[in-house]
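Quick notes on the structure that follows.
The values are calculated or read from the model by the stated rules, or taken from the named source; none is laboratory data. As the structure is a prediction and not an experimental result, all values here were calculated from the model. Cβ sites come from the backbone with ideal geometry, for glycine too, and all protein chains shown count toward neighbours. The area values use the complete protein model at the heavy-atom level, side chains included, leaving out ligands, DNA and RNA. Shrake-Rupley method; radii C 1.70, N 1.55, O 1.52, S 1.80 Å.
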Amino acid sequence: MAAGLLLVVSGPSGAGKGTVCRELLRRLPGLWYSVSATTRPPRPGERPGVDYYFISEEEFRRLREADALLEWAQVYGDYYGTPRAPVVERLAQGQDVLLEIDVQGARQVKARLPEAVTVFLLPPSYGELARRLAGRGTEDAAQMRRRLELASFEIERAKEYDYLVVNEEIAQATAKIEAIITAEKCRPQRAAPYLLQEGIVDE
Ligand code: 5GP
């Protein structure tokens with residue numbers, strides 16, 4: 001059985017990552033979303049264990065020291081990390097896994113698991129990014145400035161990714177990511193375990 005596909009989605013806040021990832025999960029019921037751990041407090045409406053595991057800095061440090069995180073990063077002053085065991089188990093069972101993480105985390109994942117497929121989601125323009133952030137209304141002016149600064153830094157790193165998707169429209173951006181998944185699954189390296197088993201190719 002082929003291992004599942006590890007899909008990493010990054011992008012500046014305001015690029016519509018959350019919405020696109022939710023739509024992707026709705027369309028692909030076999031895709032498993034990795035819930036991250038974070039030290040930031042929950043926003044209104046966020047559910048513990050569903051959106052994030054909300055933990056203390058002390059707990060986060062313990063996870064890091066136990067090497068229980070596949071990757072971790074400090075973003076806007078808070079810590080974020082991907083619990084390793086559930087991701088590795090799902091992949092081994094052949095299930096596809098979705099990580100929604102920042103550029104620092106994506107780099108660590110790609111270094112540890114080069115077969116991971118990384119997608120960078122871009123807003124159609126910088127102006128549109130600012131407009132979306134303002135429209136969300138969850139950030140105050142200082143937070144928004146920080147997010148916009150970080151966004152331009154992150155966008156410069158977009159070329160490190162395997163794919164770039166411009167999110168002009170949610171359905172279209174989601175369809176592009178679905179197409180990426182489909183294409184990646186057709187790569188001979190991924191199909192090889194099946195081909196070997198069937199005797200279609202030799203080792
Ligand atoms: P937010 O606080 O807006 O939910 O997320 C802030 C940033 O942290 C986003 O860029 C998001 O992709 C990133 N992030 C969320 N979870 C993780 C994680 O587990 N690891 C890393 N490296 N970044 C994360």
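Checked against (1) under 23 Å from ARG136 (Cβ atoms); (2) in contact (Cβ under 8 Å) with a residue 60 or more places away in the chain, GLY94 passes all but condition (1).
To keep it simple, each residue is scored yes or no on (1) away from the ligand (no atom under 11 Å from the Cβ); (2) assigned to a strand (DSSP E or B); (3) surrounded by 16 or more Cβ atoms within 10 Å (Cβ to Cβ).
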| position | (1), (2), (3) |
| --- | --- |
| VAL50 | yes, no, no |
| TYR53 | no, yes, yes |
| ARG61 | yes, no, no |
| ASP67 | yes, no, no |
| THR82 | no, yes, yes |
| VAL88 | yes, no, no |
| GLY105 | no, no, yes |
| PRO114 | yes, no, no |
| VAL119 | yes, yes, yes |
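If you scan region 1-10, which residues turn out to be within 15 Å of ALA106 (Cα to Cα) and away from the ligand (no atom under 11 Å from the Cβ)? Those that are within 15 Å of ALA106 (Cα to Cα) and away from the ligand (no atom under 11 Å from the Cβ): LEU5, LEU6, LEU7.
The residues of region 21-43 that are closer than 21 Å to GLY94 by Cα and in contact (Cβ under 8 Å) with a residue 12 or more places away in the chain, listed by number, are CYS21, LEU24, LEU25, ARG27, LEU28, GLY30, LEU31, TRP32, TYR33, SER34, VAL35, SER36.
Any chance region 71-84 includes a residue that's of a type in the set (Lys, Arg) and closer than 26 Å to THR182 by Cβ? No, because not a single residue in region 71-84 is of a type in the set (Lys, Arg) and closer than 26 Å to THR182 by Cβ. Applying the condition of being basic (Lys, Arg) and away from the ligand (no atom under 14 Å from the Cβ) to region 11-28 and asking which residue is nearest to VAL75 (Cα to Cα) yields ARG26. Only one entry in GLU168, GLU178, GLU156 is surrounded by 11 or more Cβ atoms within 10 Å (Cβ to Cβ) and not in a loop (DSSP other than H, G, I, E, B), namely GLU178. Checking each residue of region 143-151 against the condition of being modelled with pLDDT of 90 or more and assigned to a helix (DSSP H, G or I) gives no match. Within region 121-138, being surrounded by 16 or more Cβ atoms within 10 Å (Cβ to Cβ) and assigned to a loop (DSSP other than H, G, I, E, B) holds for one residue alone: PRO123. For region 181-193, taking the residues that are under 20 Å from VAL109 (Cβ atoms) and at pLDDT below 90, the one that is least open to solvent (accessible area, probe 1.4 Å) is identified as ARG190.
Being within 11 Å of the chain's Cα centre (by Cα) and part of a strand (DSSP E or B) is the filter; apply it to region 1-40 and report the residue that is farthest from GLU156 (Cα to Cα). That would be TYR33.
Among residues of region 33-48 being open to solvent by less than 50 Å² (accessible area, probe 1.4 Å) and within 19 Å of LEU150 (Cβ to Cβ), the one that is farthest from the ligand (Cβ to nearest atom) is THR39.
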